[in-house]
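Asks: Okay, here's the structure, questions in a sec.
The values are calculated or read from the model by the stated rules, or taken from the named source; none is laboratory data. Everything numeric in this text was worked out from a predicted model, so none of it was measured. We place every Cβ from the backbone using ideal geometry, glycine too, and count neighbours over all the protein chains shown. Areas reflect the complete protein model, heavy atoms only, side chains present, ligands, DNA and RNA absent. Shrake-Rupley method; radii C 1.70, N 1.55, O 1.52, S 1.80 Å.
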Amino acid sequence: MATAKQNFYKWHRVLGLIALIPVIGWTLSGLSHPFMSNWFRPTIAQESFKPLPQSQIKPALSIRQVLDKNNIRQFRNFGLIAFEGQGYYQVMTPDSAVNYYAANTGELFKNGDQTYAKFLARYFTQDSTSSIKGITLQKNFDAHYQPINHLLPVWKISFDRPDGMDVYIETTQSRMGTFNNNTRKAMLVFFEQLHTWQFLAAIGGEQFRVVVLLIVVGLMFFSLLSGLVIYGLFWKKFKTATENRKQAGRADKRFTHRFHRQLGLIVSFVMFTFTVSGAFHLYVKLHNGGSEEKVYSQLISTNELTASNLQLPLADSVILRSGIVKFDGKSYYQLTSGKKEVQYFDVQNGQELNGGDELYAAFLSNFYHSGAKPTAKPAITQIRQFDHEYGFINKRLPVQKVAYPNGDNWYIETSTSALATKVAGIDRAEGLSFIFLHKYFGMSWAGKNVRDVVSMLAALGVLVVSLFGFAAFLKNKL
């Protein structure tokens with residue numbers, strides 16, 4: 001039995017040494033997260049943009065007239081916006097470029113999308129004086145604009161300021177993806193490399209990164225488990241040695257070992273929650289990794305627009321956004337009011353489609369389903385505020401929640417025809433485990449600051465235990 005115990009002790013040390021560097025990287029980056037997302041997060045003057053109603057833009061030409069004037073026979077979508085005192089039609093061409101045409105004359109506004117992106121960036125920052133040192137159209141996520149921001153493509157507007165402010169703008173929806181100053185950019189890179197190990201994706205691809213992380217987290221879990229078993233096997237021996245030392249009045253020369261054992265026992269539950277939730281998160285990512293993200297696209301013929309978008313049975317004073325959608329073989333003007341109500345009007349006769357937003361959401365949900373299509377009729381409700389299931393992380397509002405009887409919920413942003421997120425089966429279980437066991441959302445009742453402090457103490461505890469374990473290892477070798 002003694003030999004078995006010694007071998008077990010040896011394997012605990014080996015597993016601990018293998019996991020040491022990853023633990024240091026994960027705990028240090030975990031400690032930085034509250035600073036990046038809360039305490040040191042930059043502020044911006046305006047976080048949302050409210051467009052002018054159509055009655056204040058006062059377009060003289062309909063979208064059909066503008067398209068005909070510019071010999072545009074097909075397009076993907078359009079919008080009606082105003083900036084710097086002028087109204088413009090945003091027209092998305094078949095190749096997904098966005099062009100701007102004056103709503104009163106139909107004239108093309110050269111570099112209109114860039115100009116509008118700059119206008120919005122200055123609006124959000126309320127900075128009309130700093131020069132803009134760079135503007136690029138970003139079609140992929142990177143270290144500074146990560147997948148958590150969801151929106152693509154966006155214009156990256158870089159201001160020539162001491163804080164190095166970058167603002168990411170989605171012009172077609174007149175909204176901001178995110179904003180970063182120099183401090184946040186450095187923290188994002190630090191977190192990405194030490195916590196999510198994106199450098200592995202650059203070496204062997206995303207699946208390789210996830211598999212390596214899963215193996216390392218597994219080693220951490222077995223290191224934790226072996227430590228608990230060792231404490232159970234040797235606790236009488238540890239207790240006797242401590243009592244003998246005290247009775248003899250000898251100095252405690254193995255205090256690093258003792259602190260490692262005692263603190264390890266205290267933070268073992270924290271390590272368990274971190275490793276289990278992290279492994280579950282990685283497993284689901286690996287499970288979903290092979291699924292290709294579908295994108296709904298449409299192509300509208302200009303000849304379809306026999307009804308004018310300026311003569312629909314809806315007051316111009318309530319129309320904040322205009323667009324067009326095509327589904328079930330027909331095209332509809334899509335108009336959004338100030339109350340976030342979305343109405344649909346046939347482009348050929350101008351008649352309203354009752355329950356159009358719900359019908360379009362159901363159509364898109366069916367499109368985004370892979371494999372067998374659902375046969376049960378879903379319940380569809382509009383979501384106008386973020387909640388515990390559809391959180392701020394998803395960015396898009398308003399959305400239609402398409403809820404199926406089996407518990408699967410699909411969130412559709414009908415204004416962009418995008419799948420905002422789906423909450424179904426294993427994804428729901430993983431999401432709950434991650435936010436409660438990994439990000440400590442169970443402490444949200446005490447406020448974000450308290451929750452962040454608790455999560456930092458948990459990460460710090462794991463770091464200290466690991467360092468004490470390494471110190472004990474070195475002491476044994478000396």
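Asks: Where the accessible area of the chain is counted over protein heavy atoms with a 1.4 Å probe, how much of it, in %, is carbon and sulfur?
Replies: Carbon and sulfur: 58 percent of the exposed surface of the chain.
Asks: Moving on. Based on DSSP H runs of at least 4 residues, each adding -39500 (n - 2.57), what is the mean residue ellipticity at 222 nm of the chain after dividing by all its residues, to the nearest 500 deg cm²/dmol?
Replies: Taking each H run of at least 4 residues, the total per residue is -14500 deg cm²/dmol.
Asks: Top to bottom by accessible area (1.4 Å), largest first, where do Ser130, Ser96 land?
Replies: My answer, sorted largest first, is Ser96, Ser130.
Asks: Check cross-link reach from Lys133 to the aspartates and glutamates: straight Cα distance under 14 Å, and skip same-chain residues fewer than eight apart.
Replies: Asp160, Asp163, Asp166
Asks: Could you order the peptides 211-218, 397-404 from most to least packed, using the average number of other C-beta atoms within 10 Å per residue?
Replies: 397-404, 211-218
Asks: Another question, then. What accessible area per residue, rounded to a whole number of Å², is obtained for the chain using a probe radius of 1.4 Å? Can you show the working numbers first?
Replies: Details: 24720 Å² over 478 residues.
Here the per-residue accessible area is 52 Å².
Asks: Let me ask something additional. Let me know the charge dipole size of the chain about its Cα centre in debye, to the nearest 20, where only the beta-carbon of Lys, Arg (+1) and Asp, Glu (-1) is charged. Walk me through the numbers on the way to the answer.
Replies: Details: 51 positive and 33 negative charges, 573 e Å.
It comes to approximately 2760 debye.
Asks: To continue, here is another question. May I ask which residue of Ile435, Asn366, Ser223 lies farthest towards the positive end of the charge dipole of the chain, with charges of +1 (Lys, Arg) and -1 (Asp, Glu) on Cβ and the Cα centre as origin?
Replies: Ser223
Asks: Tell me which residues come under 5 Å, amide H to amide H, from Gln382 once H is placed; ignore anything under 5 positions away on its chain.
Replies: It is Lys401, by chain and number.
Asks: Where does each of Arg73, Arg209 land when they are ordered by accessible area, with a 1.4 Å probe and the largest first?
Replies: Largest accessible area first, the residues go Arg73, Arg209.
Asks: Let me ask something additional. Could you tell me how far the Cα centroid of region 144-159 sits from the Cα centroid of region 179-218, in Å?
Replies: Taking the Cα centre of region 144-159 as reference, the centre of region 179-218 is 18 Å away.
Asks: Which links in Lys58/Lys156; Lys294/Lys326; Lys185/Lys448 stretch past 28 Å when you go from one Cα to the other? Don't jump to the answer; show the numbers that get you there.
Replies: Numbers: Lys58/Lys156 30 Å; Lys294/Lys326 17 Å; Lys185/Lys448 22 Å.
Beyond 28 Å between Cα atoms: Lys58/Lys156.
Asks: Ok, one more. Place the peptides 447-453, 45-51 in order of packing, highest mean first, counting for every residue the other Cβ atoms within 10 Å and averaging per peptide.
Replies: In descending order of packing, they fall as 447-453, 45-51.
Asks: Under 19 Å Cα-Cα from Lys475, which aspartates and glutamates qualify once same-chain neighbours fewer than 8 residues away are excluded?
Replies: Within the straight-line limit of under 19 Å, Lys475 reaches these aspartates and glutamates: Asp252.
Asks: Turning to a different aspect of this structure: Please state, to two decimals, what the Cα-based radius of gyration of the chain comes to when divided by 2.2 N^0.38 Å (N = residues).
Replies: For the chain, the normalised Cα radius of gyration is 1.24.
Asks: Also: For region 449-460, just list the computed ³J(HN,Hα) in residue order, Karplus coefficients 6.51, -1.76 and 1.60, θ = phi - 60°, integers in Hz, with x standing in for Gly and Pro.
Replies: So the J values, rounded to whole Hz, are 5, 5, 4, 5, 5, 4, 5, 5, 5, 5, 5, 5.
Asks: A follow-up question, please. Applying the Karplus parametrisation 6.51 cos²θ - 1.76 cosθ + 1.60 with θ = phi - 60° to the phi angles of region 166-175, what ³J(HN,Hα) value in whole Hz is obtained for each residue in order, glycine and proline being reported as x?
Replies: With coefficients 6.51, -1.76 and 1.60, one gets 10, 10, 10, 10, 9, 5, 5, 10, 6, 9 Hz.
Asks: Heads up, I need the accessible area for Thr93: 1.4 angstrom probe, whole protein in place, Å², nearest 10.
Replies: Taking all protein chains as shown, Thr93 has close to 20 Å².
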